[in-house]
Amino acid sequence: MSPYLQTLRTFALAMACSLRDLAPILVVVAFFQFLVLDQPLPDALRILAGIVMVLAGLTCFVFGLEQGLFPIGESLAHAFARKGSVGWLIVFAFCLGFGTTVAEPALIAIADEAAAVAAEGRAIENTDQARHAYADGLRYTVAVSVGLAIVLGVVRILKGWPVQWLIIGGYVMVVILTAFAPREIIGIAYDSGGVTTSTITVPLVTALGVGLASSISGRNPMIDGFGLIAFASLTPMIFVMGYGMVVL
């Protein structure tokens with residue numbers, strides 16, 4: 001089979017999987033709309049066009065992950081392991097975590113929303129400059145925390161440290177900080193931990209961990225290759241609460 005036909009076949013399979021994943025959502029919406037509410041769809045053509053665009057976008061995203069992000073993440077991890085430069089690996093891990101988090105759409109959205117709510121609640125000045133400064137400070141705080149989290153995860157893989165003790169220690173710190181952080185920042189901090197592990201960060205970070213564990217003798221990709229995402233969702237809660245204690 002030619003490479004073009006193979007790519008087309010892979011894309012068709014990705015579309016079929018996307019349709020399968022969307023099907024339960026469509027069934028639930030249709031059930032409540034037509035049977036429970038007993039109402040027709042408002043502007044059915046527009047909704048149908050939106051569903052088609054969601055299907056196309058999801059398919060392209062999944063296809064892009066399989067063809068691009070996963071392979072490049074694993075190949076970079078293998079290359080750094082062969083090079084044997086721990087320093088450059090640490091720098092790459094931090095830059096990867098920082099760069100993917102800054103570009104995370106979900107984080108941008110929650111930072112802007114948090115800034116707007118903080119301005120309305122008079123926690124900060126209600127000016128464009130103050131809102132932008134608050135949102136950017138929140139984004140960069142989270143990005144730095146994720147960068148350091150990926151560094152910690154990489155060092156854990158290199159050293160073979162058990163992941164559970166690091167996670168337990170991190171959540172103990174979260175509980176302690178929760179008692180001292182301003183109430184206005186606690187919910188934002190918890191949500192920041194979730195939005196960092198989204199569409200851009202997860203594929204690259206997962207590929208880095210699995211690729212690195214596969215390249216190091218004595219490491220099991222199933223045991224040592226995963227866990228970086230847990231660090232990436234834990235450290236933002238700590239850093240954002242610290243940010244709130246300084247800013248608010």
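The values are calculated or read from the model by the stated rules, or taken from the named source; none is laboratory data. As the structure is a computational prediction, the values presented were derived from the model and not from experiment. Note that each Cβ is placed from the backbone with ideal geometry, even for glycine, and that neighbours are counted across all protein chains shown. For accessibility, only protein heavy atoms count, side chains too; no ligands or nucleic acids. Shrake-Rupley method; radii C 1.70, N 1.55, O 1.52, S 1.80 Å.
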Value at 222 nm in deg cm²/dmol, rounded to 500, when DSSP H runs of n ≥ 4 in the chain each add -39,500 (n - 2.57)
-27000 deg cm²/dmol
In square angstrom, what is the accessible area per residue of the chain with a 1.4 angstrom probe?
56
Environment charge at SER217 (Cβ cut-off 13 Å; Lys +1, Arg +1, Asp -1, Glu -1):
+1
Contact order normalised by residue count of the range 60-188, Cα under 8 Å, 6+ apart, percent:
25
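Grab the Cα-Cα distance for LYS83 and ASP43, subtract it from 0.36 nm times how many residues apart they are, and report the gain in nm with one decimal. The partial results should precede the final answer.
Working: separation 40, 0.36 × 40 = 14.40 nm, distance 5.78 nm.
Extra length available between LYS83 and ASP43 comes to 8.6 nm.
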Quick check: Cα centre of the range 3-34 to Cα centre of the range 112-166, how many Å?
34
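Taking only complete DSSP H runs, can you tell me which helices of the chain stretch 27 Å or more along their own long axis by Cα positions and average at least 1.0 on the Kyte-Doolittle scale?
Result, helices passing both filters: 3-30, 44-64, 228-247.
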Highest-first arrangement of 171-178, 26-33, where packing means the average Cβ count within 10 Å
171-178, 26-33
Cα extents of the chain along the three principal axes, largest first, in whole Å?
60, 55, 32
With the crude spin-label approximation of a point 7 Å out along Cα→Cβ, what separation in nm comes out for ILE168 versus TYR140?
3.7
Quantify, in whole percent, the carbon and sulfur part of the accessible surface of the chain (1.4 Å probe; protein heavy atoms only).
70
